[in-house]
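Enquirer: Before anything else, here's the structure in question.
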Amino acid sequence: FAPRFTAHDFQPREWAQLFQRAGARYVVLTTKHHEGFTNWGSPVSWNWNSLDMGPHRDLVGELGQALRESNIRYGLYHSLLEWFNPLYLADKESGFKTQNFVLKKTMPELYDLVVKYKPDLIWSDGDWEAPESYWNSTSFLAWLYNDSPVKDTVVVNDRWCSNCSCHHGGYYNCADKYKPGTLPTHKWEMCSSIDKLSWGYRSNMNIAELMDEASIIEELVQTVSFGGNYLLNVGPTKEGVIVPIFQERLLALGRWLDTNGEAIYESKPWRVQMENSTDTVWYTSKGPVVYAIFLIWPRDNVLELSSPLPSPATQVTMLGFAGTLKWQKSPAEGLLITLPYMLPSPLPPQSGWAVKLEGVK
């Protein structure tokens, strides 16, 4: 694949503009996956990197520069292991008693990435086969947090050795597409992919195998209600293009966030994450303000919320809609909100709206 990977249509500034319009606050690029090819001129990956082979470009550096011009935080994904590297396979054969691969390949590359590109985030992966004593992760992290050029700003995930994930790390990924079900006590991130069957680009994907706009919004809302960050994957082509269907999904998410971002960015979980009676209403909060995000428009235009307790001072507005909304106390508990009238349409309306509740407990 390496000679066919040309990236000759790769326009980092266009990528940065797309991610900005999608509402992304940070972007994570794969610097090296498990096959070992590096997307920068790694000094310990001779002839197996994007400067010596294929694109003949420093992809990690180019994207980093474009993202920083757009004020987007830059994260680097890096795989500790390499499936086919003879040094790694020999270490594995020894039951990880030898560390030739770590000392000659993995660690020099990690240090090089940090010193050269000063990432805001390191997304480690490929950790599960070997213990910490093999990877030397703790000594790298000690350097990262105490002496590295990004010691005061960098964030890391939890994939640094076997049995590390979901136990140790700046934030937890736990598993791909992890959904906690209850509020985690530690900061976490849900990584998902628009292509349900792959994290890379597939020329044979079809529309039924992609997440639609509604499912992406639903996943984002659930994740943020539980205090998580949302990392949404797109696989670019070998020419370095993000195909139009992926762009369309990202831009749809961005338009939704233009209206409803107030309920998402810098929000915190509320005392209740979702409405008991239904998983179509999710809550976030900012200080005393509570946001109820509902994924299905109620048939009678009346939204019933049983968790927030109203007071005489309660005020209800809807993001993206001018003016206040009428509400009354629910006969049971909570409140009934009269939503704006929606024009009749043969199609169900787009997914996800947020009401802002002030003066509720």
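The values are calculated or read from the model by the stated rules, or taken from the named source; none is laboratory data. Bear in mind the structure is a predicted one, so any value in this text is a computation, not a measurement. No Cβ is skipped: glycine too gets one built from the backbone with ideal geometry, and neighbour counts run over all protein chains shown. Ligands, DNA and RNA are stripped out before the accessible areas are found, and what is left, the full protein with its side chains, is counted by its heavy atoms. Shrake-Rupley method; radii C 1.70, N 1.55, O 1.52, S 1.80 Å.
Enquirer: Can you tell me how many residues in segment 142-154 are surrounded by fewer than 18 Cβ atoms within 10 Å (Cβ to Cβ) and among the hydrophobic types (A, V, I, L, M, F, W, C)?
Expert: 3
Enquirer: Quick one: in segment 127-139, of everything that is crowded, with 21+ Cβ neighbours inside 10 Å and among the small types (Gly, Ala, Ser), which residue is nearest to Asn163 (Cα to Cα)?
Expert: If we take residues in segment 127-139 being crowded, with 21+ Cβ neighbours inside 10 Å and among the small types (Gly, Ala, Ser), then Ala130 is nearest to Asn163 (Cα to Cα).
Enquirer: Which residues, counting only those in segment 265-295, are assigned to a loop (DSSP other than H, G, I, E, B) and free of Cβ contacts under 8 Å to residues at least 60 places away in the same chain?
Expert: The answer is Glu266, Ser267, Trp270, Arg271, Val272, Glu275, Asn276, Ser277, Thr278, Asp279, Thr280, Gly287.
Enquirer: In the set Tyr77, Tyr111, Tyr88, Tyr117, which member is open to solvent by 40 Å² or more (accessible area, probe 1.4 Å) and closer than 26 Å to Asn173 by Cα?
Expert: Only one candidate qualifies: Tyr111.
Enquirer: Right, here's the next one. Quick test for you: out of Ala313, Ala332, pick the one residue that is of a type in the set (Gly, Ala, Ser) and modelled with pLDDT of 95 or more.
Expert: Ala313
Enquirer: Could I ask something else about it? Can you name the residue in segment 296-324 that is without any contact (Cβ under 8 Å) to a residue 12 or more places away in the chain and outside any strand (DSSP E or B) and is also most open to solvent (accessible area, probe 1.4 Å) among such residues?
Expert: Among residues in segment 296-324 that are without any contact (Cβ under 8 Å) to a residue 12 or more places away in the chain and outside any strand (DSSP E or B), the one most open to solvent (accessible area, probe 1.4 Å) is Arg299.
Enquirer: Quick one: Val281 ticks every box in (1) touching an Asp or Glu at 6+ places or on another chain (Cβ under 6 Å); (2) assigned by the TED database to the domain that holds Val155; (3) open to solvent by less than 40 Å² (accessible area, probe 1.4 Å) bar one, so which box is it?
Expert: (2)
Enquirer: Considering every residue within segment 11-27, establish whether at least one is of a type in the set (Asp, Glu) and farther than 26 Å from Asn85 by Cβ.
Expert: Checked against the condition, which is being of a type in the set (Asp, Glu) and farther than 26 Å from Asn85 by Cβ, segment 11-27 yields at least one hit.
Enquirer: A follow-up question, please. Could you please give the count of residues in segment 20-53 that are open to solvent by 60 Å² or more (accessible area, probe 1.4 Å), basic (Lys, Arg) and touching a helix residue (DSSP H, G or I) at 6+ places or on another chain (Cβ under 9 Å)?
Expert: 1
Enquirer: Okay, next question. With the requirement that a residue be of a type in the set (Gly, Ala, Ser) and open to solvent by less than 20 Å² (accessible area, probe 1.4 Å), what does segment 155-214 give you?
Expert: Hits for segment 155-214 are Ser192, Ser193.
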